[in-house]
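Enquirer: To start, I am sharing the structure in question, which I have written as structure tokens.
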Amino acid sequence: SKSLTDNFSIAFGAEVRNETYRIIAGDTASYSREGANSFPGIRAENATTNNRFNLGAYVDATWDVSKDFLINAAIRGEKYSDFGEAFVWKLSSRYKLAEGKAVIRGSASSGFRAPTLHQIYAQSTQASFAGGTIVLSGLFNNRSKQAFALGVPLLTPEKSNNFTLGLGFTPTKNLSVTIDYYGITIKDRIVYSSSINSDDKLLANPTTELGRILKGASTGAGNFDLASAQFFINGVKTKTSGIDLVANYKNIALGSGKMGINLAGNYTSQNEIVGTPNDPPAIKSAGASILSRQIISLLEEGRPKYKAVLGFDYSLKKFGVSLNNTLFGPTK
């Protein structure tokens, strides 16, 4: 980073990253025949080692247009060995009022997130309880023959647009308050699908592709290898918005020391799936969906509606003590 003039500075940087993800097979006894009780080990054919190389670079510029008005802009480019090139940007600004005791600030930006290697390559048999019994579910990666047969596409990166607008107040040297609104839209959001099931797996000869995959190597009516299948998939578009509040009051005289009070809170006004999930045709034809009511609830209602942290800090010479209380709002 470098200040070129009294009111203009730049920063730039680069990153080179190599990622390795390895899946190691379990002991043969953990997956052969019935395998380990309730949770079979990873089979030898699912063991793999995968790598990804990434190069990124950014440039950031800040311009103090006046003593009160500031503009900041940044761009970042990345090149992935498996997903090609990506480009994101950010533009932000700040304006001081009342001789610096109040500030208006805002920003807009784009975002990019490549699928993690485990989302791309993980594949295993998992166990869970359903109806009081242990049932097996297969996690198939998006490069597997099962995913291809069901029309599950390869994972693509998530892309987002973000917007914030806020106010800051410093009425005295010991009191500061900020409040900010934020809005985030994520396209092609990667989700872990619900357990996808098809009743025709019970038939001697299943009639759907999903039923045949669940049937596996089993023969005869009523027999099947897997109760359900799951995938990572670019399943939905989501919108999230809310308000952040931060307040701090410091240097309160108390006995021989000083106390500070800190309050931070967040309220989520919107957290919802936009449109319908991207169900592949073969899954639709089996009367199933990648998003069950449970998965939708976890995405939309699984996090608290609000959260607040109230803290007290007390310092006495070289000693300090803090007390914090966190309040979590309702969730479903």
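The values are calculated or read from the model by the stated rules, or taken from the named source; none is laboratory data. Everything numeric in this text was worked out from a predicted model, so none of it was measured. Methodologically, a virtual Cβ is constructed for each residue, glycine included, from the backbone with ideal geometry; neighbour enumeration extends over all protein chains shown. Surface accessibility is based on the protein's heavy atoms, side chains included, excluding ligands, DNA and RNA. Shrake-Rupley method; radii C 1.70, N 1.55, O 1.52, S 1.80 Å.
Enquirer: Once the dipole of the stretch 285-332 is set up with Lys and Arg at +1 and Asp and Glu at -1 on Cβ about the Cα centre, which of L298, T331, V321 lies farthest towards its positive end?
Expert: V321
Enquirer: Where a Cα-Cα gap under 20 Å defines reach, which aspartates and glutamates qualify for K201, not counting those fewer than 8 residues away within the same chain?
Expert: In chain and number order, the partners are E34, E209, D225, D279.
Enquirer: Something else: In terms of modelled amide H atoms, which long-range or inter-chain residues lie less than 5 Å from the amide H of L136?
Expert: A227
Enquirer: Please report, in debye to the nearest 20, how large the charge dipole of the stretch 85-171 is about its Cα centre when each Lys and Arg carries +1 at its beta carbon and each Asp and Glu carries -1 there.
Expert: Computed charge dipole of the stretch 85-171: roughly 260 debye.
Enquirer: Still on this structure: For the chain, what size does the Cα cloud have along each of its three principal axes, sorted from largest down, in whole Å?
Expert: Answer, in whole Å and largest first: 81, 48, 40 Å.
Enquirer: Straight-line reach from K173: which lysines fall under 29 Å, measuring Cα to Cα and dropping same-chain residues less than 8 apart?
Expert: Cα-Cα hits under 29 Å: K67, K96, K101, K250, K258, K307, K317, K318.
Enquirer: Here is a further query. Could you order peptides 209-216, 234-241, 276-283 by the average number of other Cβ atoms within 10 Å of their residues, highest first?
Expert: Highest to lowest by the protection proxy: 209-216, 234-241, 276-283.
Enquirer: Heavy atoms only, probe 1.4 Å: what % of the accessible area of the chain goes to carbon and sulfur, would you let me know? The partial results should precede the final answer.
Expert: On the way: 11310 of 19620 Å².
After summing per-atom areas, the C and S share lands at 58 percent.
Enquirer: Out of the chymotrypsin sites (Phe, Trp or Tyr not before Pro) in the stretch 1-76, which ones are loop residues according to DSSP with at most 13 other C-beta atoms within 10 Å? Don't jump to the answer; show the numbers that get you there.
Expert: Details: sites: F8, F12, Y21, Y31, F53, Y58, W63, F69; in loops: none.
Hits after loop and neighbour filter: nothing returned.
Enquirer: Now for a separate question. Treating only the Cβ atoms of Lys and Arg (+1) and Asp and Glu (-1) as charged, compute the dipole magnitude of the stretch 157-293 about its Cα centre; round to the nearest 20 debye.
Expert: On the way: 13 positive and 10 negative charges, 90 e Å.
Result for the stretch 157-293 is approximately 440 debye, rounded to the nearest 20.
Enquirer: Now, a different point. Which ³J(HN,Hα) values in Hz, rounded to whole numbers, follow from the phi angles of the stretch 255-269 under the Karplus curve 6.51 cos²θ - 1.76 cosθ + 1.60, where θ = phi - 60° and Gly and Pro get x?
Expert: x, 8, x, 10, 10, x, 10, 10, 10, 9, x, 9, 10, 8, 8
Enquirer: A further question follows. Among A57, A25, L4, whose Cα projects farthest towards the positive end of the dipole of the stretch 1-68, with charges put on the beta-carbon of Lys, Arg (+1) and Asp, Glu (-1)?
Expert: Most positive-ward Cα: A25.
Enquirer: Among the GluC sites (Glu not before Pro) in the stretch 1-98, which ones are in a DSSP loop with at most 13 other Cβ atoms within 10 Å of the Cβ? Mind listing them? Walk me through the numbers on the way to the answer.
Expert: Details: sites: E15, E19, E34, E45, E78, E85; in loops: E34.
Sparse-neighbourhood loop GluC sites (Glu not before Pro): E34.
Enquirer: For the chain, what is the charge dipole size about the Cα centre, in debye to the nearest 20, if Lys and Arg each add +1 at the Cβ and Asp and Glu each add -1 at the Cβ? Mind dumping the intermediate values first?
Expert: Details: 36 positive and 26 negative charges, 157 e Å.
The calculated dipole for the chain is roughly 760 debye.
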